[in-house]
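What follows is one structure encoded as structure tokens, with my remarks underneath.
The values are calculated or read from the model by the stated rules, or taken from the named source; none is laboratory data. Quantities reported herein were computed from a predicted structural model and do not represent experimental measurements. Glycine gets a Cβ as well: all are built from the backbone with ideal geometry, and neighbour counts include every protein chain shown.
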Amino acid sequence: MLEDILEARAREFAGRGLREKNESKTALLVSDWPEEEFGFEPSLFSTVLETEAAPCPAGVTFKGLPCSGFIYHQGFVYPTVSWSVLLGIDPPEVPVYAVTYHLGFALELAGPCRIEKVDPKAYKDVDRPFCSRRIGNLYLGNLDISP
Amino acid sequence: MKASQEQSLESLFFEEAAGRVQNLLESFETFRATGEGKDAILRLLHTLKGSAGMVGFQDEAQKIHLLEERFASADHTDLDGMKELERALKEMISELQPDRVSAEDVTAMAVRKAPFSLAQRLLASVSKFETLLDHWRSARQTGAATKDLRIKTEMAFGSELEELRKHSFRLAFGHPGDLFAGLEELVRVVAAAERKSVRLQCRANANYLLREFIPEFRSALVHLLSNSVVHGLETPEQRKAAGKDPVGVIEVMVEAESNRLTLLVSDDGRGVDLKALEARYSSEAQGLDWSQLSDQERMNLLFQQGTTLSRNTSVHAGRGVGLSAVKETAERFGGEVVFERRERGSRIRFTVPSPFFVMDCLLVECGGNRLACLAGSIERVEELGEKELPSLCSVLNLGDNSPDPPRFVLWTDAHRKNGVSVEKCVGLKELVVYPLPQLEGLPEAVVGLSDFGQGRQLAVDLSRLREAGSKRPSSRPRKERSEVARNVLVVDDSETTRTILVDVLRRAGFHVVEAQDGLEALERLDEGKFKLVVSDLEMPNMNGLEFLEKMRDASSPHASLPFLLFTSRDDTRSFQKAYLLGADRCLSKAAFQEADFLDLVEELL
């Protein structure tokens with residue numbers, strides 16, 4: 001009887017440990033550039049599209065960010081903001097567009113994107129525009145853009 | 001009116017009536033229980049009355065009018081009176097059922113009906129898709145998916161998709177004619193009752209209208225036209241005395257733009273009697289100081305429930321309900337309605353936003369971009385020849401990557417020599433145009449995104465080019481390889497940074513001029529011709545953002561000069577602020593790589 005109880009408790013603790021282990025990891029939408037990766041909170045986006053963007057006139061901005069083009073998705077036109085332009089890095093070879101849920105624009109990233117789980121305890125502070133933290137070469141993108 | 005058109009109008013009326021009856025009953029219950037909702041009942045009855053009159057159901061219109069009269073003076077605490085009103089309301093509702101059409105009519109309608117309705121055709125297309133997919137799956141599983149079969153399947157899918165697209169299009173859009181149908185009859189009936197002589201002119205600049213707009217807009221038009229005939233236009237005798245044509249004119253215009261639809265109802269009548277409006281408001285002690293109101297505010301009073309300048313109430317107008325119902329319709333669609341006074345007569349502008357439009361567009365190629373120009377904004381197209389006109393892509397601040405010279409001119413006003421050049425005219429297409437969101441610096445002429453084939457193109461209204469409100473007024477010219485094209489201004493208070501940048505740029509063949517801060521940079525700009533500015537952010541006297549703001553001022557001759565912010569203060573907010581002020585690129589000093597920097601400079605030139 002006691003053995004049963006102990007075994008049940010052991011299983012419970014083991015399960016709790018597993019759950020804690022799972023919960024400690026967070027998922028990121030990751031876009032790969034040749035020498036670095038950029039991860040974003042996946043809940044920021046409704047979908048990632050492989051499509052061709054229409055060009056945008058020079059000098060057009062969306063909430064202070066340079067607008068690089070326009071895409072159409074499910075009844076709406078979204079201005080696109082290029083991650084490479086924001087960071088001053090090489091443009092992507094295969095661009096994809098991550099359509100934001102509530103921010104009103106699509107972020108041009110390097111495709112194809114993937115979902116990766118990372119341990120937030122491993123984050124380190126970083127001094128880079130539009131990035132909040134990093135794990136090795138993986139930078140956590142910061143889209144807090146309401147000027 | 002043709003018999004088939006009458007039939008379709010009647011069906012439309014019954015359909016509309018069925019939709020409003022439920023609201024009417026609900027409003028009645030609210031009124032009986034609480035005393036509120038009388039305005040809603042009056043609006044619904046007024047709308048129904050107008051629609052009934054428009055399809056020629058004059059008896060029904062008269063009955064609704066009488067019911068309206070009774071509701072106007074109804075008291076919800078009078079239980080007997082309410083019972084009587086309920087009975088009258090239900091009787092009126094029962095008369096608005098389509099079973100008033102006789103059995104013979106129904107047979108005749110069935111004969112006239114097309115063999116397949118649009119919905120049936122859509123379902124048939126979907127079913128064909130499913131069958132095709134099934135065939136394809138089984139062929140793939142049995143290994144029979146040969147190249148021949150693949151091609152055949154692809155073709156079958158393609159043709160069925162075209163059918164589906166066609167049917168969906170018909171389901172989504174109606175013609176302006178559907179909106180105008182029956183209006184002439186309405187005007188004739190109201191004018192006869194008012195002993196007036198009226199000519200109605202209806203025009204539209206759109207080929208299609210969203211179907212969901214049509215019934216609501218028709219109701220609004222019924223009110224607006226009745227209002228114009230009854231209140232706006234004079235009798236033939238009065239018009240003659242005023243030196244006008246005895247026949248009054250009402251013009252209905254539907255103007256479709258990429259993001260909004262406007263209904264304009266104009267008449268050449270006597271306009272609004274402002275003295276009567278003032279007297280009405282003064283007598284009703286509305287708490288409004290008439291002298292403090294602007295002209296537009298005074299006009300807006302006309303859209304308030306219960307406002308009427310008419311001394312008598314007729315079956316067609318005079319209760320002060322029609323215009324408030326129109327306002328309610330406009331607001332329900334997120335739009336507005338405005339009364340405009342004109343030199344002769346008045347005009348009502350009813351505007352609602354639209355999620356997309358179908359427009360005739362001329363597809364052109366310019367600077368390596370494909371653009372869809374609204375055909376209505378082009379006066380004519382001809383070969384460019386020796387004429388010198390700005391290219392469309394440069395006027396719109398779009399990049400120019402085309403090696404081809406411009407060959408055609410699109411005239412917006414040939415007489416005044418207003419036009420732009422393009423490299424190629426691809427053809428005229430009917431395209432769906434989706435409006436763009438509000439963006440800072442977007443030229444006003446860029447009105448939407450069009451949908452054609454595999455790609456999407458910016459839709460351009462050339463008639464707005466003259467008033468294009470680009471934040472950066474002038475355009476970037478084609479790439480030149482002259483001396484001027486290599487002139488770069490480097491602005492930094494750090495001598496080390498300046499030395500490094502100057503060295504890198506000079507080795508790459510650029511001619512470089514230096515400045516220590518924003519103030520000096522402004523002076524250097526006025527002294528020479530530059531193609532690019534590379535500037536630090538933190539500087540004494542005038543920092544990089546202040547300098548950028550001055551440069552981007554609309555009156556500055558350097559407003560369109562490319563600007564690269566090169567800073568060690570590489571936080572998000574600084575970059576955002578710079579972009580907001582019109583920086584083309586922001587680069588962190590920490591991320592400096594000579595090759596990347598030069599690539600960026602070349603790109604900006």
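Residue count for the range A:113-138, restricted to those that are in a strand (DSSP E or B), touching a residue at least 12 places away in the same chain (Cβ under 8 Å), away from chain B (no Cβ under 12 Å) and buried (at least 17 other Cβ atoms within 10 Å of the Cβ): 3. Check the range B:537-555 and report whether any residue there is within 20 Å of B:Leu501 (Cβ to Cβ) and in a strand (DSSP E or B). Looking for residues that are within 20 Å of B:Leu501 (Cβ to Cβ) and in a strand (DSSP E or B), one finds none in the range B:537-555, hence no.
Does A:Ala110 fit the bill of being closer than 19 Å to A:Glu41 by Cα, out of contact with any Cys (no Cβ under 9 Å at 6 or more places or on another chain), within 12 Å of chain B (Cβ to nearest Cβ) and not hydroxyl-bearing (Ser, Thr, Tyr)? Criteria not met by A:Ala110. Annotation note: of B:Glu69, B:Glu95, the sole residue that is modelled with pLDDT of 80 or more, outside the structural domain of B:Ala220 (by TED's automatic domain parsing) and out of contact with any Lys or Arg (no Cβ under 6 Å at 6 or more places or on another chain) is B:Glu69. Assessment of the range B:180-199 against the conditions (more than 22 Å from B:Ala61 (Cβ to Cβ) and not polar (S, T, N, Q)) yields at least one matching residue. Just so you know, in the range B:332-390 the residues that are out of contact with any strand residue (DSSP E or B) (no Cβ under 6 Å at 6 or more places or on another chain) and of a type in the set (Ser, Thr, Tyr) include one that is nearest to B:Arg239 (Cα to Cα), and it is B:Ser346. Residues in the range B:561-605 that are at the interface with another protein chain (Cβ under 7 Å from one of its Cβ atoms), of a type in the set (Gly, Ala, Ser) and crowded, with 16+ Cβ neighbours inside 10 Å: B:Gly582, B:Ser588. Checking each residue in the range B:366-380 for being in a strand (DSSP E or B) and touching a Phe, Trp or Tyr at 6+ places or on another chain (Cβ under 6 Å) picks out only B:Arg380.
Please determine whether any residue of the range A:79-86 is within 12 Å of another protein chain (Cβ to nearest Cβ), farther than 23 Å from B:Ala578 by Cβ and in a strand (DSSP E or B). So far as the range A:79-86 goes, no, none of its residues is within 12 Å of another protein chain (Cβ to nearest Cβ), farther than 23 Å from B:Ala578 by Cβ and in a strand (DSSP E or B).
Of all the listed residues (B:Leu261, B:Leu164, B:Leu183), the sole one being buried (at least 21 other Cβ atoms within 10 Å of the Cβ) and not small (Gly, Ala, Ser) is B:Leu261. Checking the structure you have, find out if any residue of the range B:559-576 is part of a helix (DSSP H, G or I), among the β-branched types (Val, Ile, Thr), without any contact (Cβ under 8 Å) to a residue 60 or more places away in the chain and under 20 Å from B:Glu440 (Cβ atoms). Within the range B:559-576, one or more residues are part of a helix (DSSP H, G or I), among the β-branched types (Val, Ile, Thr), without any contact (Cβ under 8 Å) to a residue 60 or more places away in the chain and under 20 Å from B:Glu440 (Cβ atoms).
Of all the criteria given as (1) modelled with pLDDT under 80; (2) crowded, with 22+ Cβ neighbours inside 10 Å, the one not satisfied by B:Ser555 is (2). For the range B:30-74, a residue qualifies if it is without any contact (Cβ under 8 Å) to a residue 40 or more places away in the chain and not in a helix (DSSP H, G or I), and the qualifying residues are B:Glu36, B:Gly37, B:Ser73. For the range A:58-75, the set of residues classified as small (Gly, Ala, Ser) and more than 7 Å from every other protein chain (Cβ to nearest Cβ) consists of A:Ser68, A:Gly69, listed by residue number. The residues on offer are A:Asp4, A:Asp90, A:Asp32, and the sole one that is modelled with pLDDT of 90 or more and over 30 Å from B:Asn259 (Cβ atoms) is A:Asp32. If we scan the range B:496-506, do we find a residue that is among the charged types (D, E, K, R), over 30 Å from B:Asp360 (Cβ atoms) and at pLDDT below 80? No: zero hits.
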